[in-house]
Each structure stands twice: as structure tokens, then as C-alpha cells.
Amino acid sequence: MPKVFIFVGHSGSGKTTLIEKLLRELSGRGLRVATIKHAHHKVVLDTPGKDSWRYKQAGAVMSMLVTSNELQLVADAVDRREPEQLAQRFMGEADLVLAEGFSHASGVKIEVLRRECSTVPRCVVADGLIAMVTDVDEAHPQLPHFALDDISGIVQFMLERAAAG
């Protein structure tokens, strides 16, 4: 079961950019890292009329499209939407899973908080918050703080946390 880290923060705070940088660093160290993104708006995951869409319409609980070097999975997630559940179900080959969004889900969270977006965090420690990536020193001072560009420090923190269980 891969260790899951959920990155939360206000819109425009830099979550996606941070995750991209973390992915480069972690994969550069030889780790297999998967991502899960939570979308608040409706997204078409499969094109109506295409084969995998037709299979889903006919009753398949999962449909996978495989090309020579990629695959895409469309699956029902009605009962298992939490990042930990999704990682367990679909991402067992990964060493780590980085999830974006899911501020209301259970699990360990790292919040990205940039002063230009907001000085008020989205989450509290009771929500599973374990660290802040921020330029807002007064936000949750009891937690470890990392600068927005401290990729190696964040990676080290994550790897130590993952090793500890």
C-alpha cells in the first residue's frame, strides 16, 4: 500500500505546480509516484460513443484503454472516493501517491498557503494537517513550515514520514 499525501490549499495557491516539482524530484530519486486529482466540476472522463464509453454504458464497472505505452482506466468510484481507498484499489504499484484537493477527506495533508491568495488556511490540524508549504509564518506555527521553493526539504520530510509509517 503506497503512502498517500494530500495537498490542499486555496485555488491558485500553487498546489499543482508544487506537485509537479515534487514529482520530478521523487521520480528522479527512483521512486514510482502516482497522482490523484480531485475536480470540483463535472469532467467528461470518457468520450461518448467511443468503445470504452460503450462498455461502461453496457454495464462494465471498469474500462481500460491500453496503447503501446499508456493506459487509461475509467471505473465506478461511487463507494470508494477517499484518496487512501483509491490508492489501495488502483495504485498498488506506486511507492507514493500525491493527491491534490480532497480537503475534506481523511488522511495526512500538507497545505499550500501563499499570502497573495489568502492568509487563512483551509485545514486545521484535526483535519490531518501535518505541514505547511507557505510564506505565512503565523499559520499553524506548531507544524513544520517549508518555503514554497524548498522542494528538497519537503521531499525529505515526506520520505521520513513515509518510512515512519
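The values are calculated or read from the model by the stated rules, or taken from the named source; none is laboratory data. Note that this is a predicted model, so its numbers are computed, not measured. Glycine gets a Cβ as well: all are built from the backbone with ideal geometry, and neighbour counts include every protein chain shown.
Cβ-Cβ contacts under 7 Å between residues 6 or more apart (or on different chains), taken from a first residue in the range 149-164 that is surrounded by 13 or more Cβ atoms within 10 Å (Cβ to Cβ) to a second residue that is among the small types (Gly, Ala, Ser) and not in a helix (DSSP H, G or I), are listed as Phe157/Ala131.
Per this entry, Ser103 is counted among residues that are closer than 21 Å to Lys37 by Cβ, of a type in the set (Gly, Ala, Ser) and under 14 Å from the mean Cα position of the chain (by Cα). Considering the range 31-46, the residues that are at pLDDT below 75 and either surrounded by 13 or more Cβ atoms within 10 Å (Cβ to Cβ) or touching a helix residue (DSSP H, G or I) at 6+ places or on another chain (Cβ under 7 Å) (or both) include one that is nearest to Ala163 (Cα to Cα), namely Leu45. Filter the range 84-125 for residues that are assigned to a loop (DSSP other than H, G, I, E, B), of a type in the set (D, E, K, R) and touching a residue at least 60 places away in the same chain (Cβ under 8 Å) and give the result. Matches in the range 84-125: Glu93, Asp95, Arg114, Arg122.
Mind checking whether some residue in the range 147-158 is of a type outside the set (D, E, K, R), in contact with a strand residue (DSSP E or B) (Cβ under 9 Å, 6 or more places away or on another chain) and farther than 22 Å from Pro2 by Cβ? Yes: one or more hits.
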